[in-house]
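*Asks:* Right, I'll just put the structure down here and ask away after.
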Amino acid sequence: MLRHSAMGRAALGAAGLCANPADRRGLDHPLSYTLDVTVLLFAKHPASQPRGTMTRPRSATIALPDWWDDAVPAEVVANSPEERMAFAIELADRNTASGTGGPFGAAIFETGSGKLVAAGVNVVVAASMAIAHAEMVAMALAGVTIGHHDLATLGETELVATTEPCAMCLGAVGWSGVTSLMCGARDEDARAVGFDEGAKPPEWVADLAAAGISVTRDVMRTSAAAVLIRYAESGGVIYNGRAALEAREEG
Ligand SMILES: [Zn+2]
């Protein structure tokens, strides 16, 4: 059963100000939908900044869409695989329907209790940030939520991804501390509408298992893939890591 409650909702403002890290079992999560990560950003000429005049930002912000407050209340509990996947698919679908990002959703649950730790959607285009995939956003917010970079401090946790992780997210899974990964659509479903999953080890499922991270695939695959198709049919931006290569070939 999926339970929502507005209790405990709190705005955190800018990041790093995590929600009560001492009370990790309570997971007074998010609720800030803004994540500031201090980075040295040597960006390539953003469109808004002509060459020669660009500044050097000291932070990068991932802001989740305005509808997030309604979709991700302070308390969410989902116990079955289908409930967890349905929650993530709903986020992906809403992101697509609202025109706020790509057709991907992710959520991290405590495996035993079913409590939601954090969730994310793809905001690559809105954030001007190639790394802002749904899984990366969820993992980043999870760390901020619990006040620790390693989710293993929570015990067993499960990352739910509406589409199998790309090469980047796959790498991050191993660093995140989650102990299981559940996937909806497959790589080929994403590629079928034009997204590029990157160069992943062919035995990535076995590789994760060897690292202690179990993988469950094809949970509600048809529903998850349907979001990808709806996004493509609606004219959503299809971006991938091949842009530089294609520009060279065209040039
Ligand atoms: Zn990814």
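The values are calculated or read from the model by the stated rules, or taken from the named source; none is laboratory data. Bear in mind the structure is a predicted one, so any value in this text is a computation, not a measurement. Because the Cβ atoms are built from the backbone with ideal geometry, glycine has one as well, and the counts that use them run over all protein chains shown.
*Asks:* Being among the aliphatic types (A, V, I, L, M) and assigned to a loop (DSSP other than H, G, I, E, B) is the filter; apply it to segment 71-86 and report the residue that is surrounded by the fewest Cβ atoms within 10 Å (Cβ to Cβ).
*Replies:* The extreme case among them is Ala74.
*Asks:* List the residue pairs whose Cβ atoms are under 9 Å apart, where the first residue sits in segment 58-70 and is without any contact (Cβ under 8 Å) to a residue 24 or more places away in the chain and in a strand (DSSP E or B), the second is crowded, with 17+ Cβ neighbours inside 10 Å and of a type in the set (Asp, Glu), and the two are 6 or more positions apart or on different chains.
*Replies:* Listed by first residue and then by second, the contacts come to Ser59/Asp36.
*Asks:* Quick check, is Thr145 within 13 Å of the ligand (Cβ to nearest atom) and polar (S, T, N, Q)?
*Replies:* In short, no.
*Asks:* Only one of Ala199, Ala190, Ala224, Ala172 is in contact (Cβ under 8 Å) with a residue 24 or more places away in the chain, farther than 18 Å from Ala106 by Cβ and not basic (Lys, Arg). Can you tell me which?
*Replies:* Every option except Ala199 fails the conditions.
Condition check ((1) aliphatic (A, V, I, L, M); (2) within 16 Å of the ligand (Cβ to nearest atom); (3) part of a strand (DSSP E or B)) across all residues:
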position: Ala88; (1), (2), (3): yes, yes, no
position: Leu91; (1), (2), (3): yes, yes, no
position: Gly102; (1), (2), (3): no, yes, no
position: Ala107; (1), (2), (3): yes, yes, yes
position: Gly112; (1), (2), (3): no, no, no
position: Leu116; (1), (2), (3): yes, no, yes
position: Ile131; (1), (2), (3): yes, yes, no
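*Asks:* Something else about it: Select from segment 158-177 the residues that are small (Gly, Ala, Ser) and either within 12 Å of the ligand (Cβ to nearest atom) or touching a helix residue (DSSP H, G or I) at 6+ places or on another chain (Cβ under 6 Å) (or both) and list them in ascending order.
*Replies:* Residues satisfying the conditions are Ala161, Ala167, Gly171, Ala172, Ser176, Gly177.
*Asks:* What pairs can you find where one residue is in segment 204-218 and touching a residue at least 60 places away in the same chain (Cβ under 8 Å), the other is acidic (Asp, Glu) and surrounded by 14 or more Cβ atoms within 10 Å (Cβ to Cβ), and their Cβ atoms are less than 9 Å apart, with a gap of 6+ or different chains?
*Replies:* Partner pairs satisfying both residue conditions: Thr216/Glu158.
*Asks:* Going through Thr153, Thr163 one at a time, which residue ends up being buried (at least 18 other Cβ atoms within 10 Å of the Cβ), at pLDDT 95 or above and not hydrophobic (A, V, I, L, M, F, W, C)? Even if it seems obvious, please write down each step before you answer.
*Replies:* Numbers: Thr153 fails: buried (at least 18 other Cβ atoms within 10 Å of the Cβ).
None of the other options fit; the residue is Thr163.
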